[in-house]
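Here, each number is a calculation from the coordinates, and none is a lab measurement. Computed from a predicted model, the values in this text were never measured in an experiment. Because the Cβ atoms are built from the backbone with ideal geometry, glycine has one as well, and the counts that use them run over all protein chains shown.
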Amino acid sequence: MGFAGRLSVVAVAAVWVGCGGGSEPAGMTGSATSGLTTTGLPPATQGSSEGGSGTGSTSGVDPSTTTSTSAVETDSTMGSTGPGSSSSSTGGESSSSTGEPVDPPDPLWVNPNLWYSTENRLNYIEIDPTDGTVVQLVTSTITTPMIDGQTGITMLESGGLVLSRESAAGTEIYYIEEPPTVASDIELEVLGMVPDTLRIEALYTDCEGLVYLMDTGTDVVDTNGNRLIRFTEDYLAGDLSYEVITDLSIGNAPDIDDLGPGIDEDGEVTDGQGFAIDSGTVYDFNYTEGNGVSLGTAGTYGVHVLGGPLFDDETARLYIFDVTAQLFEADPGTLALSEVLVTGPGSTGGTAAGLSGITGPLTECVTTLPPPG
């Protein structure tokens, strides 16, 4: 598909899901099990582009026996370089600036894919590099007890996923070193609670591999106390110390539910200027200054950009996720939505099926966010 529109600010109300984002998530669950069996959804049947929105459907193919071609080999040569990295990669062969061999990039980092999590499920969405549509959605069962609330999620260059779950009692952080692309039972590494009983609604990784958190302040419905913060220590080792980057309680900052990269006028991915979503309103947002311009309404809580180098046509794509677990591609300028690309599994408890941000790889870019310290 691949919309060609860029960041002309045209407010088009493509989809409005009436959800205020203010419902109180539940506290800790006593068990991670809810009767859900490990399942994988096979390739979605795409609806007609002329017939309005179509929902993804299943075809009975067992995803545990389905090989993802794009996850096995790739022609991509672009990938975000993390802190201190000076490696380059070409078709799986990698070398450092000194000519020494280094590990090849993780397949999840150099192929288009998206992830989200609700309740005791982790969902992997394989994206077709030829046109940006969905190949398959695979659901794995999380066996580790988690807070039953809104999920923030971000991908690291290693292919690992960092997740947050928040409640009125605070936010717990989790790590999945090797996220499964076939249906599995998985354990998460619990990294700990964010200090100061902060309520975190979103996670974000910048072009340098630094991880940011959206502190929702005193509650999840307004901007009182909202801040963009960043981990300063070894968070994967459990040190969740942070620094404040931006005061988001002033100006025209929304109560952000998910943070996404941006797309500039040249079609390149940006991190300091990105797409932010607040209960269905999407903003072209400056994360350093803490202000943005509303582009219109689409989706509910999830937004992410997959960069041009991940696709055959070199076109960056904007994806939007709604509270009913429907995924769309959106025009970056007008927010005009595609048909439904896929619909995830329904809720099995009190948490909405789509109460989660979405994430995926970040292609090579130059950060405009402030350096550490």
Residue exposure sequence - 265, 339, 243 - by fewest surrounding Cβ within 10 Å: 265, 243, 339
Signed unit charges on C-beta, dipole axis of the range 288-372, positive-most listed residue 334, 368, 348: 348
Segment residue 293-residue 193, length gained on full extension (0.36 nm per residue, minus Cα span): 32.7 nm
Residues listed by number, the range 178-220, amide nitrogen under 15 Å from residue 103 label point at 7 Å toward C-beta: 178-179
Net charge of neighbours whose Cβ lies under 11 Å from the Cβ of residue 356, counting Lys and Arg as +1 and Asp and Glu as -1: -3
Built amide H within the under 5 Å cut-off of residue 134, gap 5+: 128
Sorted by Cβ neighbour density within 10 Å, fewest at the top, the residues 157, 289, 119, 364: 289, 364, 157, 119
Given charges at beta-carbon only (K, R positive; D, E negative), |dipole| of the range 217-373 in Debye: 440
Long-range amide H partners of residue 291 with built H, under 5 Å: 286
Built amide H within the under 5 Å cut-off of residue 325, gap 5+: 354
In order through the range 169-174: 3J(HN,Hα) via Karplus (6.51 cos²θ - 1.76 cosθ + 1.60), integer Hz, x for Gly, Pro: 8, x, 10, 9, 10, 10
Relative contact order (%) - criterion: Cα under 8 Å, at least six apart; region: the range 230-345: 17
